Each structure stands twice: as structure tokens, then as C-alpha cells.
């Protein structure tokens, strides 16, 4: 009996990795309106490289401002739709919960585990890319290799450190590709 090859994925946090986050007092915040939503330079090209190498591209983002009542779900969904339309992403999975008791809210791995089940993803051959310790920890708990995009925020750092740390998505993609032979 022949074994079916499982998919590989790169899971990506949204704010601060794919689009510009507002930084106030050393802490990142998501854009508040669709008009403020700005895809970072180089993101479209970087994601295309990953897609060309055979990766599924899945966003995994916490958006607790919806539960807090300071953001509307339809605004988050409009931002996500804009991002998917401009890139080669498969989808963006969202945790709208506030509080760490939700299995879907990073640092818990629920968003990644759900996607792995939906798309038959081999998590050990996949990567999680994020700009906060919660992203790295979610990837680690899911069994992925982890990449930390260090934007210099004045907050907790990943501990233990990510498998790879850089300050931009482009070198992160180069590292991922160097660790992932094409077609494997």
C-alpha cells in the first residue's frame, strides 16, 4: 500500500509579519481600519517563493480586540480578504477570543492543529513565522520549526528562542527554503 504524501505549510502571523503593525510604547497593535491596513514591502514576493516551493500558506492570527469590543469582526475579515487577494495564501485562521484559556488562541496551537487536520499537513515538515513569543510558542507546541521576526518590541521574547531569528520575512523565507528541499 502506497503512503500518501502529506502537505507542508508555512503558518504566518498577520500583524507585524505580513502587514504593518502600529507600535506604541514598544508594543505592536493591529491596524484599526481597512484603510490603515498595509501589506509590508517584500511580502507578496516572499510568499510567492514559498508557494512555488510547494508550501500551503496559512495565516494564524489572534484578534482579541473583537472580543474586547474595540474592533468589529467584519473589519478583521475585510483585512484578511485583502491580504488573501493580494497574496498566494490558502486562508487566514483567526482566534477572536481574549484570554489564554482558549485552545485556539496562541500560544496554544489550536489554529495550527485545525489547519493540519483540514489540509492533511505534516506539522514536523512545516514552519510557524511570527513576531511575538506567542507565535513561536504555538509553532513549537504544534511540532513545527519556528521563525521569529524580531521587530524590536519591548516585550517578552521567545524562550526558548525560535529555531531561526531575523528582522524581516525575506531572510526568513530564504532560511525556510534552505531547510526544505523542493518536492519533499
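State the number of residues belonging to the stretch 1-36 that are touching a helix residue (DSSP H, G or I) at 6+ places or on another chain (Cβ under 9 Å), surrounded by fewer than 20 Cβ atoms within 10 Å (Cβ to Cβ) and in a loop (DSSP other than H, G, I, E, B).
Qualifying residue count, the stretch 1-36: 5.
Condition test on residue 82, is it in a helix (DSSP H, G or I) and in contact (Cβ under 8 Å) with a residue 40 or more places away in the chain? Give the steps one after another, and end with the answer.
Numbers: in a helix (DSSP H, G or I): yes; in contact (Cβ under 8 Å) with a residue 40 or more places away in the chain: yes.
So residue 82 fits the description; yes.
Which members of the stretch 153-173 meet the condition of being more than 13 Å from the chain's Cα centre (by Cα) and crowded, with 24+ Cβ neighbours inside 10 Å?
Once the filter is applied, which keeps residues that are more than 13 Å from the chain's Cα centre (by Cα) and crowded, with 24+ Cβ neighbours inside 10 Å, the stretch 153-173 yields only 162.
From the residues in the stretch 124-135 that are in a helix (DSSP H, G or I) and in contact (Cβ under 8 Å) with a residue 60 or more places away in the chain, which one is surrounded by the most Cβ atoms within 10 Å (Cβ to Cβ)?
The residue in question is 135.
Select from the stretch 136-155 the residues that are out of contact with any strand residue (DSSP E or B) (no Cβ under 8 Å at 6 or more places or on another chain) and part of a helix (DSSP H, G or I) and write down the one among them that is farthest from residue 172 (Cα to Cα). Explain how you work it out, then say what you get.
Taking the stretch 136-155 first, the residues out of contact with any strand residue (DSSP E or B) (no Cβ under 8 Å at 6 or more places or on another chain) are 137, 141, 143, 152.
Filter once more, so that each one left must be part of a helix (DSSP H, G or I): 137, 141.
Working: 137: 17, 141: 20 Å.
The extreme case among them is 141.
Considering the stretch 53-77 alone, what residues qualify as being outside any loop (DSSP other than H, G, I, E, B), over 20 Å from residue 175 (Cα atoms), free of Cβ contacts under 8 Å to residues at least 60 places away in the same chain and under 18 Å from the mean Cα position of the chain (by Cα)?
The answer is 61, 65, 76, 77.
Within the stretch 98-118, which residues are in contact with a strand residue (DSSP E or B) (Cβ under 8 Å, 6 or more places away or on another chain) and either surrounded by fewer than 16 Cβ atoms within 10 Å (Cβ to Cβ) or under 19 Å from residue 66 (Cα atoms) (or both)?
Initial filter on the stretch 98-118 (in contact with a strand residue (DSSP E or B) (Cβ under 8 Å, 6 or more places away or on another chain)): 102, 104-106, 110-112, 114-116.
Correct list: 102, 104, 105, 106, 110, 111, 114.
Residue by residue through the stretch 136-152, note down the ones that are without any contact (Cβ under 8 Å) to a residue 24 or more places away in the chain and under 12 Å from the mean Cα position of the chain (by Cα).
146, 148, listed by residue number.
Tally up the residues in the stretch 166-184 that are without any contact (Cβ under 8 Å) to a residue 40 or more places away in the chain, under 20 Å from residue 41 (Cβ atoms) and out of contact with any helix residue (DSSP H, G or I) (no Cβ under 6 Å at 6 or more places or on another chain), please.
4
No lab work stands behind these numbers, since they all come straight from the coordinates. In this text the structure is predicted, and so the values were computed from the model without any measurement. We place every Cβ from the backbone using ideal geometry, glycine too, and count neighbours over all the protein chains shown.
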